[in-house]
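Working notes, structure below.
The values are calculated or read from the model by the stated rules, or taken from the named source; none is laboratory data. Keep in mind the model is a prediction, meaning the values are calculated, not measured. Only protein heavy atoms, including side chains, enter the accessible area calculation; ligands, DNA and RNA are left aside. Shrake-Rupley method; radii C 1.70, N 1.55, O 1.52, S 1.80 Å.
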Amino acid sequence: MTYAPGALDGLPAVIEFDAGSMVLTTFGRSNAGTVRGDLAVADRYLNLFFRI
């Protein structure tokens with residue numbers, strides 16, 4: 001994977017977190033964040049990782 005700043009227009013899904021929600025989701029304490037766009041794409045991406 002690569003990461004770079006850029007426009008969000010035209011992406012199939014965007015996942016937004018505030019800092020606290022990101023930490024809680026990473027450590028498996030909650031399932032937070034806001035998905036904009038295709039929920040199936042976001043779900044597939046989020047399930048690529050094992051939670052700490």
Can you sort R36, R29, R44 by 1.4 Å-probe accessible area, starting with the largest?
R29, R44, R36
Using a 1.4 Å probe over the heavy atoms of the protein chains, calculate the carbon and sulfur portion of the accessible area of the chain as a whole percent.
59
For mean projected area of the Cα convex hull in nm², one of [x] 4.0; [y] 3.5; [z] 5.1 was computed from the structure I shared and the rest are decoys. Which label?
[x]
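What percent does the relative contact order of the chain come to when contacts are Cα pairs within less than 8 Å and at least six residues apart?
On the way: 45 pairs, mean separation 18.8, N = 52.
Contact order relative to length: 36 percent.
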Ignoring ligands, DNA and RNA, what accessible area per residue does the chain give at 1.4 Å, in Å²?
86
